[in-house]
1. What pairs can you find where one residue is in region 189-205 and on the phi > 0 side of the Ramachandran plot, the other is surrounded by 15 or more Cβ atoms within 10 Å (Cβ to Cβ), and their Cβ atoms are less than 7 Å apart, with a gap of 6+ or different chains?
2. Any residue that is on the phi > 0 side of the Ramachandran plot, in contact with a helix residue (DSSP H, G or I) (Cβ under 9 Å, 6 or more places away or on another chain) and touching a residue at least 40 places away in the same chain (Cβ under 8 Å) - is there at least one of those in region 109-125?
3. Restricting the search to region 71-87, which residues are part of a loop (DSSP other than H, G, I, E, B) and more than 9 Å from the ligand (Cβ to nearest atom)?
4. Residues 148, 132: which one is in contact with a strand residue (DSSP E or B) (Cβ under 7 Å, 6 or more places away or on another chain), surrounded by fewer than 21 Cβ atoms within 10 Å (Cβ to Cβ) and either on the phi > 0 side of the Ramachandran plot or at pLDDT 95 or above (or both)?
5. Which ones in region 57-73 are closer than 21 Å to residue 206 by Cβ and either out of contact with any strand residue (DSSP E or B) (no Cβ under 7 Å at 6 or more places or on another chain) or surrounded by fewer than 18 Cβ atoms within 10 Å (Cβ to Cβ) (or both)?
6. Suppose we keep only residues that are assigned to a strand (DSSP E or B) and near the ligand (Cβ under 10 Å from one of its atoms) within region 109-126. Which one would you say is nearest to residue 9 (Cα to Cα)?
7. Any residue in region 157-167 that is farther than 17 Å from residue 30 by Cβ and in a helix (DSSP H, G or I)?
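The values are calculated or read from the model by the stated rules, or taken from the named source; none is laboratory data. These numbers come from a predicted model, not from an experiment. Cβ sites come from the backbone with ideal geometry, for glycine too, and all protein chains shown count toward neighbours.
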Ligand SMILES: C[S@@+](CC[C@H](N)C(=O)[O-])C[C@H]1O[C@@H](n2cnc3c(N)ncnc32)[C@H](O)[C@@H]1O
């Protein structure tokens, strides 16, 4: 973390009350994209880890449409409090996964998903290795990330002094493969349309992989 950079928990704290409403009006489609990509590969009763579960927008799809057992982790206690009030997860854990080991057993999950949190992670390789460790062999991984169009990593300092990172497909593939996750599919999509962008979409990427 750089000097003055805010942690995810501080950043998201103030956003919690309006998060779901904002995401709806910004047409945030990342949770649905992950669900649609991974669902055909699932039996329906998997154990799933949702990294950066937030208010549970992604996990609620698994709970609603499958018999999955969902564990969510998030650094922001207030997000977790809001998520606890929904039926989005069976277990919620407070924790920061940027450069810190995941507080889970090796091979504990059939699948790991992460929607819109890699923007706040400084070391993708470290996290990829942790994802590979906690996922069983042949288990699935589905991640979305703001898409870098020109470089492997593009960093944006925002007005409120937190850093957001975008990643290219090539970079994500390299990091995941180095961690032992075989890439099955990559796709691009319009992630969201915030009001300050005059309706222009923020491009997102999705990688679906399998732990080899
Ligand atoms: C943009 S929200 C996405 C929430 C949800 N996955 C969704 O798609 O709506 C990012 C979430 O990731 C969490 N987060 C970001 N960086 C994190 C980190 N390093 N460790 C744990 N949680 C983190 C934030 O607290 C926030 O709840």
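1. Listed pairs, sorted by first residue: 199/193.
2. To start, the set of residues in region 109-125 that are on the phi > 0 side of the Ramachandran plot comprises 116.
Next cut, in contact with a helix residue (DSSP H, G or I) (Cβ under 9 Å, 6 or more places away or on another chain) only: 116.
Now restrict to residues that are touching a residue at least 40 places away in the same chain (Cβ under 8 Å): 116.
There is at least one residue in region 109-125 that is on the phi > 0 side of the Ramachandran plot, in contact with a helix residue (DSSP H, G or I) (Cβ under 9 Å, 6 or more places away or on another chain) and touching a residue at least 40 places away in the same chain (Cβ under 8 Å).
3. To start, the set of residues in region 71-87 that are part of a loop (DSSP other than H, G, I, E, B) comprises 75-76, 85-87.
Once the filter is applied, which keeps residues that are part of a loop (DSSP other than H, G, I, E, B) and more than 9 Å from the ligand (Cβ to nearest atom), region 71-87 yields 85, 86, 87.
4. Only one candidate qualifies: 148.
5. 57, 60, 61, 64, 65, 66
6. Taking region 109-126 as the starting set, the residues that turn out to be assigned to a strand (DSSP E or B) are 109-114.
Still in the list and also near the ligand (Cβ under 10 Å from one of its atoms): 113-114.
Numbers: 113: 19, 114: 16 Å.
This residue is 114.
7. Here is the first cut: in region 157-167, the ones farther than 17 Å from residue 30 by Cβ are 157-163.
Those still in the list that are in a helix (DSSP H, G or I) too: none.
Checked region 157-167: no residue is farther than 17 Å from residue 30 by Cβ and in a helix (DSSP H, G or I).
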